[in-house]
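Undergrad: Structure incoming, see below.
The values are calculated or read from the model by the stated rules, or taken from the named source; none is laboratory data. Small disclaimer: the values here were computed from a predicted structure and weren't measured. Glycine also receives a Cβ, built like all others from the backbone with ideal geometry; neighbour counts cover every protein chain displayed.
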Amino acid sequence: MYAWALFLHLASVFGFLMAHGVSAGTSLQLRKERAEGPARALVELSTGSLYFTYAFLLTIIATGVLLGFLGGWWRHVWIWASLVLVVALIAAMGFLAGGYHGSRQALGIGYFRSTQPPAEGRSGALQASLDSARPGQLLVVGVAGLPVVLWLMVFKPF
């Protein structure tokens, strides 16, 4: 059972990285866009990957918790540190992605439904949200955090 849970955990990490990579790539390009049409296409592409991103993220967390029980890891500090770090990464990425959340709203694209703001305020809101976006900071947090979580899980230092 442990081997299957580990397999699902690792497969979910790969799936998450592929699905979330769509959003990461579009965020880097979106910062350079100023026209509504291309910006809309990029935001819709990113939004479309969210279903998979969140499904894989939930599977990562569920299988990680299961592995903690199956392996008897809950009495070790490293698993708690990993869990806290993952939650902190999710919170930091959500906070830093605020500009992109505003871009969705400005374009009338909700996460799971259309929000349709008034057309007259759309262009200014879009430009403001794109200007407030921080793709470099998002990239640094994600790229720096992932190896630390991986180090904790592989080496189990404490």
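Undergrad: Conditions first: (1) at pLDDT 75 or above; (2) under 30 Å from Met153 (Cβ atoms). Gly102 passes all but one, so which condition is the exception?
TA: Against the list (1) at pLDDT 75 or above; (2) under 30 Å from Met153 (Cβ atoms), Gly102 comes up short only on (2).
Undergrad: What about Gly68, is it buried (at least 17 other Cβ atoms within 10 Å of the Cβ), without any contact (Cβ under 8 Å) to a residue 12 or more places away in the chain and under 11 Å from Ala5 (Cα atoms)? Outline the logic, then answer.
TA: On the way: buried (at least 17 other Cβ atoms within 10 Å of the Cβ): yes; without any contact (Cβ under 8 Å) to a residue 12 or more places away in the chain: yes; under 11 Å from Ala5 (Cα atoms): yes.
Judged against the criteria, Gly68 is a match.
Undergrad: Moving to a separate point now. Which residue pairs have Cβ atoms closer than 7 Å, lie 6 or more positions apart in sequence or on different chains, and pair a first residue in the stretch 10-35 that is under 19 Å from Val65 (Cα atoms) with a second residue that is outside any loop (DSSP other than H, G, I, E, B) and aliphatic (A, V, I, L, M)?
TA: These pairs meet every condition: Ser12/Ile60; Val13/Ile60; Phe16/Leu57; Phe16/Ile60.
Undergrad: Let me ask another. The conditions are (1) modelled with pLDDT of 90 or more; (2) closer than 25 Å to Met153 by Cβ, and Ser23 fails exactly one of them. Which is it?
TA: The single condition Ser23 does not satisfy is (1).
Undergrad: Is there a residue in the stretch 82-93 that is touching a Phe, Trp or Tyr at 6+ places or on another chain (Cβ under 8 Å), assigned to a helix (DSSP H, G or I) and modelled with pLDDT under 95?
TA: First, the residues of the stretch 82-93 that are touching a Phe, Trp or Tyr at 6+ places or on another chain (Cβ under 8 Å): none.
Checking the stretch 82-93: not a single residue is touching a Phe, Trp or Tyr at 6+ places or on another chain (Cβ under 8 Å), assigned to a helix (DSSP H, G or I) and modelled with pLDDT under 95.
Undergrad: Which of the residues belonging to the stretch 51-62 are among the β-branched types (Val, Ile, Thr) and farther than 17 Å from Met18 by Cβ? Spell out how you get there, then give the answer.
TA: Initial filter on the stretch 51-62 (among the β-branched types (Val, Ile, Thr)): 53, 59-61.
Selection gives Ile61 alone.
For every residue, the table says whether it meets (1) surrounded by 16 or more Cβ atoms within 10 Å (Cβ to Cβ); (2) among the aliphatic types (A, V, I, L, M); (3) not in a helix (DSSP H, G or I).
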position: Leu10; (1), (2), (3): no, yes, no
position: Ala19; (1), (2), (3): yes, yes, no
position: Lys32; (1), (2), (3): no, no, yes
position: Gly37; (1), (2), (3): no, no, no
position: Phe52; (1), (2), (3): no, no, no
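Undergrad: What are the residues in the stretch 117-158 that are modelled with pLDDT of 90 or more and either of a type in the set (Val, Ile, Thr) or part of a loop (DSSP other than H, G, I, E, B) (or both), if any?
TA: Once the filter is applied, which keeps residues that are modelled with pLDDT of 90 or more and either of a type in the set (Val, Ile, Thr) or part of a loop (DSSP other than H, G, I, E, B) (or both), the stretch 117-158 yields Val140, Val141, Val143, Val148, Val149, Val154, Lys156, Pro157, Phe158.
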